[in-house]
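All remarks here apply to the structure that follows.
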Amino acid sequence: MFKASHVCGLFLFFFLLALCGPAVAGHKERPPKKGILLVAFGTTVPEARSALDHIGEKAAQRFSGLEIRWAYSSRIVREKLAAQGQHFDSPAMALARMMDDGFTHVAVQSLHTIPGEEFHALKQTVDAFSGLPKGMDSLVLGLPLLAEPDDVETCAKAIYASLPPERKKSEAVILMGHGTHHPANIYYPGLQYSLNRLDPLVLVGTVEGTPSLDDVRQALKKSAVSKVYLLPFMAVAGDHALNDMAGDEDDSWKSLLTTDGLTCVPVLRGTAQIPAFVDLWLDHLQAALERLP
């Protein structure tokens, strides 16, 4: 004879089976649908958008057959573009749309340079969407350009290989990074360390972090350099590159270095336009896709 405890146990088992059964069955019946979400900080400069288009085209070639969607992580950029009639989703909105459109497996690829505040905010969004009821079966996040020690070495070599061909060995190259108060700012001096072994006249500065432009100016004063090339170390040659780096205002990098007696040659080209950097981002995306079940 069954004891009361046995009856209760069987009742609970069949009750849970009835609850989970339809959900499990529906889950199995849903056809798998993989997709990619590329997430950039964004840009309000129309000419700079071509750099992001370039990485999108390369991603489509390398991962043919997978639908690719876009999101901008910067709210300010999205709002400015919306005022101009151009609409870009936030990462959360883009993921919500993909969930509603039946995507079951999604790789989100960060197109940020370092794992700073923008990347970690994106990670929180991805984590929040993971495991939602009736959501995606699997959601993974690809690393930014600089994330692991090997990335720093690879990136330094990519920089060295993509220097302006007309630049002479006695001339300096200054890379403008964004910089941040986030601990991930350490990647910039780390990159400088790797560059020093390749070419000590290739210098890294940042707008909002360390090394600063003052650090770069001090380094230049110790050399016999008379000419410098200014390059953005950002995915796009956007507002920072056009104004803070190459602008005619008194406080731009070009103007300040010119007052130091240097001839400045700005090169307005984002890293997303250079194949070696694009390959590094797409390698991270490949690794993310391989983590999808």
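Of note:
- Of all residues assigned to segment 220-243, at least one qualifies as being on the phi < 0 side of the Ramachandran plot, at pLDDT 95 or above, touching an Asp or Glu at 6+ places or on another chain (Cβ under 6 Å) and not hydroxyl-bearing (Ser, Thr, Tyr).
- Index of the failed condition, residue 146 passing every other in (1) in a helix (DSSP H, G or I); (2) open to solvent by less than 10 Å² (accessible area, probe 1.4 Å); (3) touching a Pro at 6+ places or on another chain (Cβ under 8 Å): (1)
- Per the conditions (1) of a type in the set (Gly, Ala, Ser); (2) within 30 Å of residue 232 (Cβ to Cβ); (3) modelled with pLDDT under 95, the sole criterion not satisfied by residue 107 is (3).
- The sole residue among 250, 244, 215 that is closer than 23 Å to residue 49 by Cβ and not small (Gly, Ala, Ser) is 244.
- Of all the numbered requirements in (1) outside any strand (DSSP E or B); (2) at pLDDT 95 or above; (3) on the phi < 0 side of the Ramachandran plot, residue 176 misses one, and that requirement is (1).
- Number of the exception - residue 140 against (1) part of a strand (DSSP E or B); (2) more than 20 Å from the chain's Cα centre (by Cα): (2)
- Within segment 254-287, the set of residues being open to solvent by less than 20 Å² (accessible area, probe 1.4 Å), of a type outside the set (S, T, N, Q) and closer than 16 Å to residue 178 by Cα comprises 270, 272.
- Residue 132 modelled with pLDDT of 95 or more and of a type outside the set (Val, Ile, Thr): no
- Residue count for segment 156-178 under the criterion of being open to solvent by less than 10 Å² (accessible area, probe 1.4 Å) and within 14 Å of the chain's Cα centre (by Cα): the result is 1.
The values are calculated or read from the model by the stated rules, or taken from the named source; none is laboratory data. None of these values were measured; they are calculated from a predicted model. Glycine also receives a Cβ, built like all others from the backbone with ideal geometry; neighbour counts cover every protein chain displayed. In case anyone asks, the SASA skips ligands and DNA or RNA and just uses the protein heavy atoms, side chains included. Shrake-Rupley method; radii C 1.70, N 1.55, O 1.52, S 1.80 Å.
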